[in-house]
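The values are calculated or read from the model by the stated rules, or taken from the named source; none is laboratory data. Just so you know, these numbers come straight off a predicted model, no measurement behind them. Cβ placement follows ideal geometry from the backbone for every residue including glycine, while neighbour counts extend to all protein chains displayed. These accessible areas exclude ligands, DNA and RNA; they are computed on the full protein's heavy atoms, side chains included. Shrake-Rupley method; radii C 1.70, N 1.55, O 1.52, S 1.80 Å.
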Amino acid sequence: MNKVYYLASCDTCRKIIKALPKDNNLVFHDIKQDPISVEELAEMRLLAGSYEALFSKKAQLYKSLDLKNKSLNEEDYKKYLLQHYTFLSRPVFLINDKIFIGNSQQNILQVMKAFANV
């Protein structure tokens, strides 16, 4: 199942989703309205290789909690990802058992290529 984890209130996420092919057959998961489950996060971690790869260090909470000055381990990243949606680097696409994390131009190009191969 192809899926995108996104934030409906995020302009960047909305812009990326709007640019996707219309017949994308994606399941849309708004992480604010429906928080990520332990199982969903475990699936993402398996594909990403680590919880840290899914973690956004750009989040305002990251700065306000002064996490950059703390030594975080994988369990810490997991805890914060489950605790608050803002810590997920978004959007996260799961397409054909591959994961695409974040909104970099390179990542979005890879997402578009993945849709061409669906």
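A 1.4 Å probe run over the protein chains yields, for the stretch 11-104, 61 Å² of accessible area per residue, whole-number rounding. Ranked by solvent-accessible area (1.4 Å probe, protein heavy atoms only, all chains present), the residues ARG14, ARG90 order from largest to smallest as ARG14, ARG90. Annotation: the antiparallel percentage among DSSP beta bridges lying fully within the chain is about 65. Per-residue ellipticity at 222 nm computed for the chain from its helices equals -11500 deg cm²/dmol, with DSSP H segments shorter than 4 residues left out and the rest contributing -39,500 (n - 2.57). By accessible area, using a 1.4 Å probe on protein heavy atoms only, the chain has 48% of its surface on carbon and sulfur. Sites listed here are trypsin sites (Lys or Arg not before Pro) in the stretch 49-118 whose DSSP assignment is loop and whose Cβ has at most 16 other Cβ atoms within 10 Å: LYS57, LYS58, LYS70. How fast does the chain diffuse by Stokes-Einstein, in µm²/s, taking the Kirkwood radius from C-alpha pairs at 4 °C and 1.567 mPa s? The calculation lands on 89 µm²/s.
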